[in-house]
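Accompanying notes for the structure given below.
All of the numbers you see were taken from the coordinates with simple rules; none came from a lab. None of the values given here were measured: they were computed from a predicted structure. Ideal geometry is used to build each Cβ from the backbone, glycine not excepted, and the neighbour counts take in all protein chains shown.
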Amino acid sequence: MKRLWKTVPPCLSDIQGLQALMNNTEGIAVVDDASSYKPLRFAQGGVGRPENRRGPGGKQTGYFGTQRMVSSEVREADVITGTSEKVWKAVKTGLEVFHPAFLLLTTAPCAAMIGTDHGETLGRIREELSVPAAIVDLDGQKDYLCGIGMALEAMGTILPEKRETVPGTVNLLGCHSVDWTEDMVRETEQWLKDNGWKVLSRWGGKESMENFKNAAAAAVNLVVNVSGLRLARYMEREFGIPYVVGAPFGKAQCARLLEEMKSGERAPLPEGGEGGPDALIIGEQFSADAIRRGLEARGYANVRVCSFFEMDKGFMRPGDRKLVSEDELASELANENLRVVFGDTDYKMGSQVKWVPLHNQGNLAPASLMVPFSMTDGAMDRWLDGVL
Amino acid sequence: MEFERTRGGRESGREEGGRRHGRHGGGGRHGGRGGKKELSSLLESKPGAMLLFVGALNCARHRADQMTGLMREGRLAMLCPTATDYATGRYLHQIVDAIVELSQEQGIKEFVVMYGCQWAVLSTDFDLLAQELKDDHGITATLDATCHLCGNAQGDEDDHRVRERM
């Protein structure tokens, strides 16, 4: 049945996505919630108590997420009396502890259910405090990509300042620390630099307030992850910045992206293949699509992209599917034409099809953690040739 | 007003006939400083039982490793109703359907139900659900009433406000 999970582990929630994002900024988030938030993942032997080191046995490596999340710590009685005073106290605590450059307000499931009025708190922040603030409309029930996407959009409404366009400049949108590493961001920047582009700001990666402010000067936005799409659409509406979509993985894909960035126009999506898929990629939509294009160049006729996480319909090909139950995953894996599946090994469900593991930091408790690795430009082609 | 001792050892007052989201289901408290127990302890005296967590994805961050470990052993499942499911009351049917499906698939006749804060906000009548499961399907269900919103599962997280004061 839908929404019943028996074998597939839970992923990071939308609020945890926001938490991972905050780590890379000078801002904080205040969440109306009954409990607080500990760091999402510590490196082995790193900071904190052993129980804070996520993953079986606490032996996982990788790090993202901090305590730049302040909880209002609501209780049963607040359901009746309202939570705004506790949210306000949390805002003040956050300002005292972190001295943030900006602040995002959001709601956890219980607060979302009782209809917490963050509008009142936002008005008070604007009247009494000198910190840019915005509301991120989350409820703790969606996946991390949705949370990061909505938070990036909210940041886009308060951080960039209107600037004259600087030709040859680009913003990277969606390069967050769950699906990307700082090395990947650096390699992408180098690839862009080698092709005459200068990166103005990195939305999701480590970034300064100064660069966020200057982001509106970019000639084009490159959306490398589905979580950057809302922000790209907002910046197109607000600042007139066109956007190009795709993870810069694989030589052919990178050439296409450079061409689109130069022209400022997106090429139409290729047609879907006929019949059952011969390859299945389960993961973040844009990374999976880049891998699909690599497989198609290697003779695969019908490659399908599926995801348990947020997908954008505008960039789905026929047959692509947003999975909402284990039954749907099982039916995809049962397809007789399948020759290979790419995805988190926790999705296997006993499938005997050839399986190529993909990074899985969005998995809240993976059996085996796999951090993202560089696929920029030709790196994906070399990886694909190795695993196929 | 009647007082009952919670899992965390604190006393909570409840108006008779007022808010009530079930009885405590045995085992020890699994949140809080000191006396912290594994989730598996909820199944200690119930070798053939299974845990069902009903709540939002965000609530799964508490004890995610333990929950997933039990999931891999086939001893825990998660049901994540949507906001609409809660608002319309459909989640009550989903809980029964999920338990019946798990029972039929795995031959399990005893369940321990854990919940997130939405359950508490809605004052979910667990006794009614348990009665339906018993009468219609011969399934025994008990409730583990540990809840952050009710304040009996606190202390597990790193609270920077406490840290700052220390």
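Based on Cα positions only, what radius of gyration and what Dmax would you give for the range A:323-388, in angstroms?
Every Cα atom of the range A:323-388 included, Rg and Dmax give 13.2, 36 Å.
Rounded to the nearest 0.05, what FRET efficiency do residue B:100 and residue B:38 give with R0 = 30 Å and r taken as the Cβ-Cβ distance? Could you check?
That gives a FRET efficiency of 0.65.
What is the angle, in °, between the Cα long axis of helix A:118-128 and the longest principal axis of the Cα atoms in chain A? Nearest 10 is fine, range 0 to 90.
It works out to around 60 degrees.
7 Å from Cα along Cα→Cβ at both residue A:77 and residue A:208: what's the point-to-point distance in nm?
Reported label-point gap for residue A:77 and residue A:208 is 4.7 nm.
Just counting partner chain Cβ atoms within 10 Å, what average do the residues of peptide B:61-73 show around their Cβ?
Details: counts 14, 2, 2, 9, 12, 2, 5, 13, 4, 0, 8, 6, 0.
Per residue, the number of nearby Cβ atoms from other chains is 6 on average.
Let's test the formula: R0 of 51 Å, r as the Cβ-Cβ distance of residue B:93 and residue A:269. What FRET efficiency results, to the nearest 0.05?
The pair residue B:93/residue A:269 has a calculated efficiency of 0.85.
Could you tell me how many degrees, from 0 to 90 and to the nearest 10, lie between the Cα long axis of helix A:229-239 and the main elongation axis, the longest principal axis, of the Cα atoms of chain A?
For helix A:229-239, the angle is close to 70 degrees.
Convex hull over the alpha-carbon atoms of chain A: what's its volume per residue in Å³?
143
If you count, for each residue, the other Cβ atoms within 10 Å and average over each peptide, how do A:138-145, A:352-359, A:241-248, A:110-117 line up from highest to lowest?
A:138-145, A:241-248, A:110-117, A:352-359
Can you give the helix-only mean residue ellipticity at 222 nm for chain A, where every DSSP H stretch with n ≥ 4 adds -39500 (n - 2.57) and the sum goes over all residues, rounded to the nearest 500 deg cm²/dmol? Before the final figure, lay out the partial values.
Numbers: 13 runs with 134 residues, N = 388.
That comes out to -10000 deg cm²/dmol.
Applying the Karplus parametrisation 6.51 cos²θ - 1.76 cosθ + 1.60 with θ = phi - 60° to the phi angles of the range A:89-103, what ³J(HN,Hα) value in whole Hz is obtained for each residue in order, glycine and proline being reported as x?
Here the 3J(HN,Hα) series is 4, 5, 4, 5, 4, x, 5, 5, 7, 10, 6, x, 7, 7, 9 Hz.
Pick out, from A:275, A:305, A:365, the residue whose Cα sits farthest towards the positive end of the charge dipole of chain A, with +1 on the Cβ of Lys and Arg and -1 on the Cβ of Asp and Glu.
After comparing all options, I get A:365.
Let me check I've understood the local charge: for residue B:81, count other residues with C-beta under 15 angstrom from its C-beta, Lys and Arg +1, Asp and Glu -1. What total comes out?
With Lys, Arg at +1 and Asp, Glu at -1, the neighbours total 0.
How charged is the neighbourhood of residue A:17? Take every other residue with its Cβ under 11 Å from the Cβ of residue A:17, and add Lys/Arg as +1 and Asp/Glu as -1. Working shown, then result.
On the way: positive: A:142; negative: A:14, A:143, A:179, A:310.
Once all neighbours under 11 Å are counted, the net charge is -3.
Taking amide H atoms as placed 1.01 Å from N in the peptide plane, list the residues 5 or more away in sequence, or in a different chain, whose amide H sits under 5 Å from that of residue A:30.
Sorted by chain and number, the residues that satisfy this are A:70, A:104, A:105, A:106.
Mind listing the phi-derived Karplus ³J(HN,Hα) values for the range A:294-310, rounded to whole Hz, using 6.51, -1.76 and 1.60 with θ = phi - 60°, and x for any glycine or proline?
Computed from phi, the couplings for the range A:294-310 are x, 5, 4, 5, 9, x, 6, 8, 9, 9, 10, 10, 10, 7, 7, 9, 3 Hz.
Which pairs break 27 Å Cα to Cα here: A:206/A:313; A:2/A:348; A:142/A:206?
A:206/A:313
What is the order of A:125, B:99, fewest Cβ neighbours within 10 Å to most?
A:125, B:99
Please determine, in degrees from 0 to 90 and to the nearest 10, the orientation of helix A:182-194 with respect to the longest principal axis defined by the Cα atoms of chain A, where the helix direction is its Cα long axis.
That works out to roughly 60 degrees.
Under a point spin-label approximation (7 Å from Cα along Cα-to-Cβ), what is the residue A:367-residue A:190 distance to one decimal in nm?
Once both label points are built, they end up 3.5 nm from each other.
I'd like the mean, over residues of A:357-367, of how many other protein chain beta carbons sit within 10 Å of each residue's own Cβ.
2
Taking θ = phi - 60°, what integer Hz values does the Karplus form 6.51 cos²θ - 1.76 cosθ + 1.60 yield along the range B:105-121, in sequence order, with x for Gly and Pro?
Karplus values, whole Hz, x for Gly and Pro: 6, 10, x, 8, 10, 9, 10, 10, 9, 10, 9, x, 5, 4, 4, 5, 4.
Per residue Cα convex hull volume for the range A:67-180, in cubic angstrom?
Each residue corresponds to 127 Å³ of Cα convex hull volume.
For residue A:356, list long-range residues whose amide hydrogen, built 1.01 Å from N in the peptide plane, is under 5 Å from its own amide hydrogen.
A:341, A:342, A:343
Please give the length that would be gained between residue B:45 and residue B:137 if that part of the chain were fully extended, namely 0.36 nm times their separation in residues minus their C-alpha to C-alpha distance (nm, one decimal).
30.9 nm
Would you give the gap between the C-alpha center of the range A:203-277 and the C-alpha center of the range A:348-380, rounded to a whole Å?
When both Cα centres are located, 23 Å separates them.
Between residue A:259 and residue A:353, what is 0.36 nm times their sequence separation minus the Cα-Cα distance? Round to one decimal in nm.
That pair, residue A:259 and residue A:353, stretches by 30.2 nm at full extension.
Less than 9 Å Cβ to Cβ from residue A:185, Lys/Arg counted +1 and Asp/Glu -1: what total charge do the surrounding residues give?
So the surrounding residues net to -1.
To make sure I understand, if each residue's beta carbon is the centre and we count other beta carbons within 10 Å, what order do A:373, A:102, B:53 fall in, fewest to most?
A:373, A:102, B:53
Give the Rg/Rh ratio for the range A:279-387, taking Rg as the radius of gyration of the Cα atoms and Rh as the Kirkwood radius, to two decimals.
Taking Rg over the Kirkwood Rh, I get 0.92.
Using a Förster radius of 30 Å, what is the FRET efficiency between residue A:296 and residue A:374 based on their Cβ-Cβ separation? Nearest 0.05, please.
The calculated FRET efficiency here is 0.90.
What order do you get for A:99, A:118, B:137 when you list them from fewest to most C-beta neighbours inside 10 Å?
Values: A:99 10, A:118 23, B:137 15.
By the 10 Å Cβ count, ascending, the order reads A:99, B:137, A:118.
Can you give me the C-alpha center-to-center distance between the range A:146-182 and the range A:302-330, rounded to a whole angstrom?
Centre-to-centre distance over Cα atoms comes out at 25 Å.
Give the average, rounded to an integer, of partner chain Cβ atoms located within 10 angstrom of each Cβ in A:138-145.
Per-residue shielding by partner chains comes out at 5.
What ranking do B:107-115, A:19-27, A:226-234, A:310-318 get when scored by the average of other Cβ atoms within 10 Å per residue, highest first?
Numbers: B:107-115: 19.6, A:19-27: 23.6, A:226-234: 25.4, A:310-318: 15.6.
Ranked by mean Cβ neighbours within 10 Å, highest first: A:226-234, A:19-27, B:107-115, A:310-318.
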